[in-house]
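For reference, the structure discussed in these notes is given below.
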Amino acid sequence: MGFQLRNLEDLDGGTLKQGDEVNLILGAPIGDLIDPLFGPFEEEEDIFLAADDLNWPRLLAKLQCFPSISQAAKNWKAQKRNPEFEPGFSGPLSVGKARKIRIWVWKVVPE
């Protein structure tokens with residue numbers, strides 16, 4: 001694999017910069033599907049995160065797109081978006097004004 005999977009809790013969201021891409025895997029990843037979904041892996045700086053119990057507002061607050069979970073939830077609700085992640089692969093979602101980042105999400109559906 002051309003990336004390192006890290007726990008979301010280990011990420012300092014303040015280190016993200018304009019143009020970064022965040023790849024999030026929710027649940028136990030199926031190794032054979034990572035390359036087709038997220039590849040090709042050309043940059044060593046690809047950010048891959050794993051998490052289990054998470055929703056969009058909590059993720060956006062952790063990535064410091066919003067100052068708090070409640071602010072993220074308020075913004076998400078105002079846009080009439082579902083706060084829960086949908087099963088399957090989705091993205092990219094561009095978030096932020098001053099520091100726009102792109103987020104790709106794979107919520108693994110157990111077989």
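No lab work stands behind these numbers, since they all come straight from the coordinates. Worth saying up front: this structure is predicted, and the values here are computed from it rather than measured. Neighbour counts are summed over all protein chains in view; Cβ atoms, including those assigned to glycine, are modelled from backbone coordinates with ideal geometry.
Counting lysine pairs in the chain that sit 8 or more residues apart in sequence, or on different chains, and whose Cα atoms lie under 21 Å apart gives 17. Where both residues lie in the chain, what percent of DSSP beta bridges are antiparallel, nearest 5? Close to 30 percent.
Charges were assigned to the Cβ only: +1 to each Lys and Arg, -1 to each Asp and Glu. The resulting dipole of the stretch 16-66 about its Cα centre is roughly 420 debye.
According to the square roots a ≥ b ≥ c of the eigenvalues of the Cα gyration tensor, what is the shape class of the stretch 61-108, taking rounded for a/c under 1.5, prolate for a/b larger than b/c otherwise, and oblate for the remainder? Oblate is the answer for the stretch 61-108, as a/c is 1.5 or above yet b/c matches or exceeds a/b.
For the stretch 32-93, a Kirkwood radius taken over Cα pairs fed into Stokes-Einstein (25 °C, viscosity 0.890 mPa s) yields D = 183 µm²/s. For the chain, the Cβ-based charge dipole about the Cα centre amounts to some 980 debye (Lys, Arg positive; Asp, Glu negative; other atoms uncharged).
Contact order, relative form, for the chain: 35 percent (alpha carbon pairs under 8 Å, 6 or more residues apart, mean separation divided by residue count). Of the residues 24, 66, 105, the one whose Cα sits farthest toward the positive end of the charge dipole of the chain, with +1 on the Cβ of Lys and Arg and -1 on the Cβ of Asp and Glu, is 66.
Distance between the pseudo-spin-label points of residue 86 and residue 68 (7 Å out from Cα toward the beta carbon): 3.0 nm. Projected onto planes of every orientation and averaged, the convex hull of the alpha-carbon atoms in the chain covers 6.9 nm². Mean residue ellipticity, 222 nm, helices only, the chain: the sum of -39500 (n - 2.57) across DSSP H runs of n ≥ 4, divided by residue count and rounded to 500, is -6000 deg cm²/dmol.
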